[in-house]
1. So which of A:Ser34, A:Ser26 ends up being of a type in the set (Gly, Ala, Ser) and over 19 Å from the mean Cα position of the chain (by Cα)?
2. Let me confirm something: among B:Ala258, B:Ala223, which residue is in a helix (DSSP H, G or I) and more than 15 Å from B:Thr58 (Cα to Cα)?
3. Looking at A:Ala223 and the list (1) within 29 Å of A:Gly29 (Cα to Cα); (2) buried (at least 24 other Cβ atoms within 10 Å of the Cβ); (3) within 13 Å of chain B (Cβ to nearest Cβ), which single condition is not satisfied?
4. From the list B:Arg155, B:Arg145, B:Arg84, which residue is of a type outside the set (Ser, Thr, Tyr) and more than 12 Å from chain A (Cβ to nearest Cβ)?
5. Would you check if there is a residue in the range A:182-191 being facing chain B (nearest Cβ under 10 Å), at pLDDT 95 or above and in a helix (DSSP H, G or I)?
6. Looking only at the range A:158-171, filter to residues that are within 10 Å of another protein chain (Cβ to nearest Cβ) and of a type in the set (Gly, Ala, Ser); which one of those is farthest from the chain's Cα centre (by Cα)?
7. Assess whether A:Leu174 counts as being more than 14 Å from chain B (Cβ to nearest Cβ), more than 18 Å from A:Ile100 (Cβ to Cβ) and free of Cβ contacts under 8 Å to residues at least 60 places away in the same chain.
8. If a residue must be among the aromatic types (Phe, Trp, Tyr) and more than 9 Å from every other protein chain (Cβ to nearest Cβ), how many such residues does the range B:49-78 contain?
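The values are calculated or read from the model by the stated rules, or taken from the named source; none is laboratory data. Only a predicted model underlies this, so the values are computations on that prediction, with no experimental measurement involved. Quick reminder, even Gly has a Cβ in these numbers, built from the backbone with ideal geometry, and neighbours come from all protein chains shown.
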2 protein chains.
Amino acid sequence: MNDRNFRQMLEAQWSRGNFVCVGLDSEFGKIPESVKTDRREDYIETVVDFNNKIVEATKDLVCAYKPNAAFYEAHGVEGMRALRHTIENIHLMAPDVPVILDAKRADIGNTNAGYVDAAFGFLRADAITVHPYLGAEALQPFLARAEKGVIVLCRTSNPGAGEFQDLSVNGEPLYRFVARRVASEWNKNGNCALVVGATYPDELREVRGLVSDMPILIPGIGAQGGDVEKTVSAGKNSRGQGMIVNSSRGIIFASKGADFAEVARRETEKLRDLINQHR
Amino acid sequence: MNDRNFRQMLEAQWSRGNFVCVGLDSEFGKIPESVKTDRREDYIETVVDFNNKIVEATKDLVCAYKPNAAFYEAHGVEGMRALRHTIENIHLMAPDVPVILDAKRADIGNTNAGYVDAAFGFLRADAITVHPYLGAEALQPFLARAEKGVIVLCRTSNPGAGEFQDLSVNGEPLYRFVARRVASEWNKNGNCALVVGATYPDELREVRGLVSDMPILIPGIGAQGGDVEKTVSAGKNSRGQGMIVNSSRGIIFASKGADFAEVARRETEKLRDLINQHR
């Protein structure tokens, strides 16, 4: 697995027209009954089986998978097991699709080494999301891993994102300062990316203008209300690429029935086509 | 355990002159050989045994224990087991000492519910550290838990903390804006606190001036170089209290010998006395 490189894997997927990232936010309570019944409601087996089926149904259409750690950590030790198995299985079933661990970590320097071990060692993710607040000096253990993606929160998709992110810093909002900083100072290894929510297309367009062709992870499509045409028009880079467009609930829970995997594939295709129409 | 209230437990410890928080950053590689040999190098048993002995030796002298999640997560499922057992044991051995989970979490709203379950349900912590970047709206699942402490990063102890935290926002640095905001808007349940590093005593004094008697968690004493006299003078509130002064390596790894627990007690007493001398 030593030759996996997040940025290269991503570029390869983009060149196939794959920009959809499927968010594996696999809440146990929302997993279709058919999967649970088969597995006698065992948490780990159910979640891993559900994720496997989603991956099997979508793996030729996506640029990445993105499990959010919170949904797994909620289940303690079992959750960590399920997350590890899920990522392991993605590596086996879809070896050319990178896995983004959406864990939104960041601590001071020597402590981040522990998170690096957790995300890239134990869990074997190809990329991780991080908070910018402690600065690049603190994030060195992440940034130093040139083959891994370090995806920095910039303008998040939530309604209250502006409380700090919109504050004016030297005449521009903080999120723009973060974007500029990551692009100009943090990205020495070419492994950085940013998070900008699809719910804020104007801000997304501004950020794209500041960071050249850097990858942008764009959550907020689907359940959160982001518009695909606006998102693509604002988020694409000079080559009509550069986007990791995430949809979670809108794909994985699109059907509550036994047909959930087929429906997930159909929704992924729909989003994929829509993105390619507009880029 | 339903009657545990972080703020009340903290106040009770302060009234006994206890302001030291022992950071249980129990890296396996640094745990004394004597503990490892007894336990045949088994990771979980070794770490839990080490933590138990530190807690047993210091529990009448401290206001809190603070395990940092990164050191445990680095060991995957075993790490989570060790962390859970450690917190469970603290509740048994020192039922009136609150446990702060230093996990520096923060995601968008519905996702934070997963971290709430992880920290307060599975791990049974009394408080958690969080990043401010996504704003109060996102952090509601934490803030709504009135009996739990929500400790917001404000001015962190690392050398590069100023990259964003010192940016000028409406004529004042961002960390001051965060402090003011948490004190005036986020603290409706009286469960908020801030993190300000002992390595920045001037900033600590400013923050104290902005947040009245709100608790401040102060890391950076000891190994990171923070000065106790300056810290206490800058960090104490109007009642000479309000401080959670953390020391990790300076206490738990003060001796590599079989006397590590005695030495940890001695170092905790020394720090406790020094704080009380100056407040």
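1. The conditions single out A:Ser34.
2. Unique residue meeting the criteria: B:Ala223.
3. Result: A:Ala223 fails condition (2) only.
4. B:Arg145
5. yes
6. The residue in question is A:Ser168.
7. No: the conditions fail for A:Leu174.
8. Count: 2.
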